[in-house]
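Worksheet for the structure shown next.
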Amino acid sequence: MEIVILEAQMSRDADGYVGTVRFEAKGHSQPYELTLHSKSGEDWGYSLLFYGKSGVESEIMAVEERLEEDDELFDKLVGAALESMNPEPS
């Protein structure tokens, strides 16, 4: 499953980290939004939704399954959100 990150952001306050990553999965009808949260920045909870409008249930279930099984993909999405906190100088 090819993932293209559209936008990512993360913020931190006294309660921990909260972020979102908007992305597309190649061949899927709608983009997705992954909401992330962590108290420590190490153990992440998340919520996966369609971004914009509803899409095909089997597609979001496939992405959900992939996120559960593919640590590298999940880490890539978390990393994109964390990088938004410290953008590289231009």
task = Mind listing whichever residues of the stretch 38-62 are within 18 Å of Asp13 (Cβ to Cβ) and surrounded by fewer than 14 Cβ atoms within 10 Å (Cβ to Cβ)?
result = Lys39, Ser40, Gly41, Glu42, Asp43, Gly45
For Tyr46: the one exception among (1) assigned to a strand (DSSP E or B); (2) under 20 Å from Asn86 (Cα atoms); (3) out of contact with any helix residue (DSSP H, G or I) (no Cβ under 7 Å at 6 or more places or on another chain) = (2)
task = Give me the pairs, please: first residue somewhere in the stretch 63-80 and touching a residue at least 24 places away in the same chain (Cβ under 8 Å) and surrounded by 13 or more Cβ atoms within 10 Å (Cβ to Cβ), second residue anywhere and acidic (Asp, Glu) and in a helix (DSSP H, G or I), beta-carbon distance under 9 Å, and either six or more positions apart or on two chains.
result = Phe74/Glu68
ask   = Looking at (1) farther than 14 Å from Ser84 by Cβ; (2) in contact with a helix residue (DSSP H, G or I) (Cβ under 9 Å, 6 or more places away or on another chain); (3) of a type in the set (Ser, Thr, Tyr), can you tell me which one Ser40 breaks?
value = (2)
key: Total residues in the stretch 51-90, condition within 16 Å of Glu24 (Cβ to Cβ), β-branched (Val, Ile, Thr) and in contact with a strand residue (DSSP E or B) (Cβ under 7 Å, 6 or more places away or on another chain)   = 2
Selection status of Glu65, among the acidic types (Asp, Glu) and assigned to a strand (DSSP E or B) = no
task = Quickly run through the stretch 20-42 and pick out the residues that are touching a Leu at 6+ places or on another chain (Cβ under 9 Å) and modelled with pLDDT of 95 or more.
result = Thr20, Val21, Arg22, Phe23, Glu24, Pro31, Tyr32, Glu33, Leu34, Thr35, Leu36
inquiry  = Scan the stretch 7-19 and tell me whether some residue there is at negative phi, modelled with pLDDT under 95, among the hydrophobic types (A, V, I, L, M, F, W, C) and surrounded by fewer than 14 Cβ atoms within 10 Å (Cβ to Cβ).
reply    = yes
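The values are calculated or read from the model by the stated rules, or taken from the named source; none is laboratory data. Just so it is clear, the structure is predicted and the values come from calculations on it, not from any experiment. Glycine gets a Cβ as well: all are built from the backbone with ideal geometry, and neighbour counts include every protein chain shown.
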